[in-house]
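Here's the structure we're looking at; comments come further down.
The values are calculated or read from the model by the stated rules, or taken from the named source; none is laboratory data. Quick caveat: nothing in here was measured; it's all calculated off a predicted structure. Cβ placement follows ideal geometry from the backbone for every residue including glycine, while neighbour counts extend to all protein chains displayed.
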Amino acid sequence: MTTTALIVAAGKGERLGGGLPKQYRLLGGKPVLRRAIEALIGHRAIDAVRVVIGPGQQDLAAAALAGLDVGRPIEGGAERADSVRAGLAQLSGDAVLVHDAARPFCPPAVIDRLLPPLEFFDGAAPVLAVGDTLARATDTLGEPVDRTGMVRVQTPQAFRLDALRAAYAAWSGDAPTDETTVARAAGLKVATVQGDTALEKITEPADFERAEQWLASRLVARTGMGFD
Ligand code: CTP
Ligand code: MG
């Protein structure tokens, strides 16, 4: 089985703010996008890595990707799903791992868990159980929602390439935020595997701070030294 990782990095990072799109922000001295790629590129089950970037991000991408074996960046679109579609159109092989550039730390064990299910399923996604109370809310708290059986769905998400392409071709709903949404709508069977808190997406400023702290604590654990 040949597997390509497709990293979608064409967003603007509006919720994080700060001007520079979050995938190009430096996290412990390296762009978030570069960390996301480096976490996947060395894995023995991944044969190639391709990156989807935004129109006008060529220079930022060239700097962030310097020296990495990822081929030519693919130009994405206005919504995440447009970027995924543009990427899928350029790939070949049997399987694809679609991954958000905004998730800089992917443990290799998650990839180990994602690929074996493709023998029996069309796709597989890492999930985490919901630990907090769930409720609807506006300004004030509304109805609680039963969290039994609810999960948070992360990336990377693994799919048989032909099945995911067909699912995207059939999708007619609003902008989906991940592949499992599109796959389920097309009737694909998607396995769940254990996710990882290291895979948390950087969305808001607090997420970026958490990622910096996590990196710093890892550095201290390994070397006994932090960084300023
Ligand atoms: N993404 C993409 N193309 C888009 C929108 C998003 O490739 N048109 C990518 C982002 O770069 C990110 C991932 O999809 O790696 C998850 O999206 P999100 O967290 O929403 O990132 P942004 O869209 O950049 O952030 P925001 O929604 O806050 O603007
Ligand atoms: Mg977005």
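Restricting attention to the range 158-181, the residues being polar (S, T, N, Q), more than 16 Å from ligand 2 (Cβ to nearest atom) and in contact with a strand residue (DSSP E or B) (Cβ under 9 Å, 6 or more places away or on another chain) number 1.
Right, GLY77: touching a helix residue (DSSP H, G or I) at 6+ places or on another chain (Cβ under 7 Å) and over 20 Å from ILE202 (Cβ atoms) or not? Walk me through it before giving the result.
Details: touching a helix residue (DSSP H, G or I) at 6+ places or on another chain (Cβ under 7 Å): yes; over 20 Å from ILE202 (Cβ atoms): yes.
In short, yes.
Across the range 69-110, the number of residues qualifying as touching a strand residue (DSSP E or B) at 6+ places or on another chain (Cβ under 7 Å), more than 16 Å from ligand 1 (Cβ to nearest atom) and part of a helix (DSSP H, G or I) comes to 1.
Table: residues versus (1) under 21 Å from ILE111 (Cα atoms); (2) more than 16 Å from ligand 2 (Cβ to nearest atom); (3) at pLDDT below 95.
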site: LEU6; (1), (2), (3): yes, yes, no
site: GLY17; (1), (2), (3): no, no, no
site: PRO31; (1), (2), (3): no, yes, no
site: ALA63; (1), (2), (3): no, yes, no
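So for the range 14-33 (the condition being at positive phi and near ligand 1 (Cβ under 10 Å from one of its atoms)), does at least one residue qualify? Scanning the range 14-33, I find at least one residue that is at positive phi and near ligand 1 (Cβ under 10 Å from one of its atoms), so the answer is yes. Within the range 184-219, the set of residues being part of a helix (DSSP H, G or I) and within 16 Å of ligand 2 (Cβ to nearest atom) comprises PRO205, ASP207, PHE208. Of all residues in the range 65-94, those being of a type in the set (A, V, I, L, M, F, W, C), more than 17 Å from ARG165 (Cβ to Cβ) and away from ligand 2 (no atom under 16 Å from the Cβ) number 4.
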